[in-house]
Amino acid sequence: MSFTQAPPTLGNQFDEDRALRSLLARLLPADVLADAAPSLREMGRLSAELYPAQLADRLNEPTLTQFDAWGNRVDRIELTPLWRTAERIAAEHGVVATAYERAHGRFSRIHQFALAYLFTPSTDIYACPLAMTDGAARVLLDSGNQPLIDRAVAHLTSRDPAAFWTSGQWMTETTGGSDVGRTETMAVQDDDGTWRLHGRKWFTSAATSQMALTLARPAGNPPGGRGLALFYVETRDDAGMLRGIRIDRFKDKLGTRKLPTAELTLDGTPAIPVVGMSDGVRSIAPMLNVTRTWNAVSAVALMRRGLALADDYATRRSAFGTTLAQQPLHADTLAGLRAEWMGALHLTFRVVELLGAHEAGELDDGGRALLRILTPLAKLTTARQGVAVASEVVEAFGGAGYVEDTGIPMLLRDAQVLSIWEGTTNVLSLDTLRAMESAGGVEPIRAEVARLAAQVRDPGLAAVAEAAVRAVDHAAVWLEDAMRGGRAQVEAGARRFALTLGRALEAALLAAHAQWETDRGEQDAASAARRLVMNGINLVHRPLGASADALLATA
């Protein structure tokens, strides 16, 4: 009889995620955790149950019908079955709403993003429209534009699927995505006072959203970013017809193919200014801070899914007389990946923790400076880790990982967007430098790492914390030297500098959490912390061929 390989399976993704449960036990007060745990456990159950449906839905993609049988322009989009299910689950389980209901005050963001972390891997990147929806709600609330708040926020934060709206974020044009100052879309005011948009948006994700926030240049405004204004758009009228919008085509993308990403032409689209008639980039910044946090959460969620599958498969697949899990090299490879994921998890939820405190009005000037720096830093660091881990997960399955109908290649294709959407690694490295210029340089990071290192007493973990301190000190010295060489020298090394800070902070966070675990007789985080340093945290300079011990000594 021929051999048949058993595929990997998933159990409840909350119950099986010891790292998440340990992190939440430290971050949340006992009463908050007790209240949040049932919803997290239910989402963990749904995540496992949706995975087979995700595999069965693999070949389905959204479709665009531009004309009906009689030649009328309709631009009708049909979503995949799983996406329709994901929309309902997201609304009913408050994947956006939890943050705005504020049942747990500053801890509500931690609860919400834990839900998002569990929800994301089995829902074909439905996290993308949720991220923009969350960001749009934040922007509107911060704007003080009460008519728009009354009109839209209740929809964006609803738990009723029939009332729930998602939001688009239309910024990218053919002139560029990050260099939005070159935006060509114009806003012209009619005689009756209505603003109408004219232009082309080259990359608009979640084209089925009921509303969008977008940038346009009011007629007469000067060029550059300050001449742009932020506008609110409702995409369809009461009859379901697009309002001065043509969907020109869907993007044929490497990954995230269930997400309907389109090129749009705006031809007299009615719009409402959100706040003022200039400085639109500044006005939309709160949205970017939220969506970048969602990007980091998605990165750790997809890493977790890949590792959950790879770990389970390693217990089922035998080679050379034993399972992969018992093969020392395979086990060591997975341990290295686990360290990357756990470091990313702790860095991401440190940002989430700060964001929640900021929204609750409980963050001081130092905390706000740290949040400003960590938001781009966490996004760029976790995105690079997400792509690397996904590639290794594919390899961990051997040939099966390269075969589409196992579902494994999708993990890598979808992960690649993480380092592109909401700013590439290079763009965010420069953004980190700009944040430091207005937030005290490296000192907020240095103070954070020192605070974490002071919590560590175990000698083995102290070595990890000391490595993190040295890496940040080294990065600070490099920055001082590079600044003497001029701006070009600083920018050329900005990527290595930012990744060093991100990885050093991950190591410090893991070391502090590992001390907390060690005091309770657990060792998961301790192993990950030591391994992360062995993987390398100082990317500003690392001697070629250095041993693991040497890296620990010099990182």
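The values are calculated or read from the model by the stated rules, or taken from the named source; none is laboratory data. Predicted model only: the values in this text are computed from it and were never measured. Please note: Cβ atoms are built from the backbone with ideal geometry, for glycine as well, and neighbour counts cover all protein chains shown. Surface areas here come from the heavy atoms of the whole protein model, side chains and all, with no ligands, DNA or RNA. Shrake-Rupley method; radii C 1.70, N 1.55, O 1.52, S 1.80 Å.
Here are the numbers for this structure:
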item	result
The stretch 333-352 versus the stretch 496-525: alpha-carbon centroid distance in Å	9
Order by protection proxy (mean Cβ within 10 Å, highest first), peptides 211-219, 456-464	211-219, 456-464
Normalised contact order of the chain, rounded percent, pairs of Cα under 8 Å and 6 or more residues apart	13
Accessible surface, the chain, averaged per residue in Å² (probe 1.4 Å)	40
Accessible surface, 1.4 Å probe, highest first, among residues VAL96, VAL74	VAL74, VAL96
Rg to Rh, two decimals, where the chain supplies the alpha carbon set and Rh follows Kirkwood	0.97
By average C-beta atoms within 10 angstrom, highest first, the peptides 154-160, 282-288, 499-505	499-505, 282-288, 154-160
Förster radius 41 Å - calculated FRET efficiency between PHE320 and ALA450, Cβ distance, rounded to 0.05	0.30
Near-label residues of the stretch 93-112 by backbone N, under 16 Å of a point 7 Å along Cα→Cβ of ARG159	93-105, 108-109, 111-112
Normalised contact order of the stretch 1-131, rounded percent, pairs of Cα under 8 Å and 6 or more residues apart	25
DSSP H segments from the chain that extend 27 Å or more along their own axis, Cα-based, with Kyte-Doolittle mean of 0.0 or above	30-56, 280-316, 328-359, 365-396, 459-485, 494-518
Considering only the chain, percent of DSSP beta bridges that pair antiparallel, nearest 5	85
Of SER178, ALA308, PHE203, farthest towards positive along the dipole that unit charges on Lys, Arg, Asp, Glu beta carbons give the chain	SER178
DSSP-defined antiparallel bridges as percent of all bridges, the stretch 69-223, nearest 5	45
Carbon and sulfur %, accessible surface of the stretch 128-258 computed with the full protein complex present, 1.4 Å	48
